[in-house]
Amino acid sequence: MKAAWRIALCLAAVLLTGASEPVLVPEVSQRDIQIQYGFTGAELLLFGAIVYPGGTPPARDSDIVVILKGPPQSIVLREKQKIAGIWINAASSEFRSAPGYYAVASSRPIEKIVDKRTAAIYEFGLDNLQLSPAGTIDPEEQRRFLAGLVDLNRREGLYKQQEGSVEILEGVLYQARLSIPASVPTGTYTAETFLVRDGQVLAAAVREIEVRKFGFELLIANVAEYRPFTYGVCAVLVSLALGWLGGVVFRKI
């Protein structure tokens with residue numbers, strides 16, 4: 001209900017100012033996602049309105065692209081190679097700014113909305129992610145490691161591409177649903193919405209979403225980060241206690 005009121009107020013403000021270009025008024029169903037015990041993931045609704053000059057949609061159809069991106073992380077990707085029957089780490093590559101989560105939803109397939117250059121500029125799609133490799137690396141090797149990173153995160157549900165999943169109603173209202181798995185990293189996420197027509201990005205807007213641990217999970221995370229020695233000792237004691245308890249149970253069976 002609050003989100004609807006925010007959209008209504010933004011629409012009124014845009015119409016009163018008489019904007020000469022289309023304006024996006026985006027909103028998200030949750031601005032704060034709390035990860036606590038039993039968290040199995042969440043479904044995020046990204047929706048909003050397109051405000052056109054004069055309040056009338058053009059005769060030509062427009063497209064919407066929505067990108068939900070998690071906090072950037074430094075990731076070292078290692079390639080395993082089988083030598084003499086043993087799998088060992090061979091080549092490796094480090095990416096300084098790989099998003100911990102990336103999902104893109106669009107009203108049509110990306111290649112039908114924009115050309116390859118525009119898709120690369122705005123990072124529309126998994127094939128257009130711009131990651132910063134650390135150090136000097138052969139371009140062909142970089143592409144191979146990038147493809148491996150995308151494939152790995154895709155299989156874990158952290159990277160996804162949902163073409164044709166954005167619904168546009170009457171050329172004015174839009175909505176998209178994106179699922180967030182339980183394994184997502186915490187931090188500040190950005191929900192970027194782009195309005196595209198005739199291959200050109202006409203408008204863009206951003207909303208931020210906080211994903212954070214809550215309750216007992218937050219306590220454990222804080223202890224592990226700020227008091228690693230205490231965390232290690234507690235982990236060992238818990239393991240010993242569980243082992244002793246398991247032994248007692250099996251002796252009585």
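Any read-out appearing in this document is the output of simple, stated calculations on the displayed coordinates, not a laboratory observation. Computed from a predicted model, the values in this text were never measured in an experiment. Cβ coordinates were reconstructed from backbone atoms using ideal geometry, including for glycine residues, and neighbour counts include every protein chain displayed.
Figures for the structure shown
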quantity: Area projected by the alpha carbon convex hull of region 106-183, averaged over all directions, nm²; calculated: 6.7
quantity: Approximate spin-label separation residue 204-residue 120, in nm, with each point projected 7 Å along Cα-to-Cβ; calculated: 1.6
quantity: Partners for residue 112 among aspartates and glutamates (Cα-Cα distance below 12 Å; same-chain residues under 8 apart left out); calculated: 63, 163, 198
quantity: Gyration tensor verdict on region 117-162 (Cα atoms; rounded if a/c is under 1.5, prolate if a/b is larger than b/c, oblate otherwise); calculated: oblate
quantity: Computed lengthening from residue 108 to residue 32, 0.36 nm per intervening residue step minus Cα-Cα distance; calculated: 24.5 nm
quantity: Nonlocal amide H pairs with residue 30, under 5 Å, H built at 1.01 Å; calculated: 45
quantity: Nearby aspartates and glutamates by direct alpha-carbon distance to residue 213 (threshold 18 angstrom, same-chain neighbours under 8 apart not counted); calculated: 32, 43, 225
quantity: Alpha-carbon centroids, region 26-55 and region 119-174: separation in whole Å; calculated: 20
